[in-house]
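The structure appears right after this line, and notes come after that.
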Amino acid sequence: MKLVTAIIKPFKLDDVREVLSEIGAQGITVTEVKGFGRQKGHTELYRGAEYVVDFLPKVKIEVAIDDDMLDRVVEAITKSANTGKIGDGKIFVFDLEQAIRIRTGESGPGAL
């Protein structure tokens, strides 16, 4: 099993969610986060005072999947989250040792 974590632009969330549903990824967790990388933030003007916004809003998506779905999920996220501009995000893939469904006690791939 794998845990795929993607950090994307917030306005791309619906596109990514739809594509993941189409390929059969059954559950995703979404968290609103802030971060910066190569974008480096930007400067804004508020009531005449200039200030720097270092951390930009992003969305973190986590999907637990079976090993055989990995390539399809990564490709789906990459294509649907891509704008071609700096700040599109990153995808991280982790090995998932154990998954347990709380309601039934199922474990392993059956719990996904």
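The values are calculated or read from the model by the stated rules, or taken from the named source; none is laboratory data. Please read all numbers here as calculations on a predicted model, not as lab measurements. Positions of Cβ are generated from backbone atoms using ideal geometry, with glycine treated the same way; all protein chains shown enter the neighbour counts. Note: accessible area is taken over every heavy atom of the protein model, side chains too, but ligands, DNA and RNA are not part of it. Shrake-Rupley method; radii C 1.70, N 1.55, O 1.52, S 1.80 Å.
The gain in end-to-end length when the residue 14 to residue 94 segment is fully stretched comes to 26.5 nm, 0.36 nm per residue minus the alpha carbon separation. Compared with the direct C-alpha span, the chain from residue 106 to residue 26 gains 27.2 nm at full extension, assuming 0.36 nm per residue. For the chain, modelled as a GNM whose springs connect Cα atoms under 10 angstrom apart, the maximal fluctuation among 17, 101, 72 occurs at 101. Note that the chain presents 69 Å² accessible area per residue, ligands and nucleic acids not counted, probe 1.4 Å. Ranked by the mean number of other Cβ atoms within 10 Å per residue, highest first, peptides 60-66, 89-95 order as 60-66, 89-95. Dimensions of region 37-112 from C-alpha coordinates, computed as largest minus smallest value along each principal axis and given longest first, are 58, 29, 17 Å. Solvent-accessible surface (1.4 Å probe) assigned to residue 14 amounts to roughly 90 Å².
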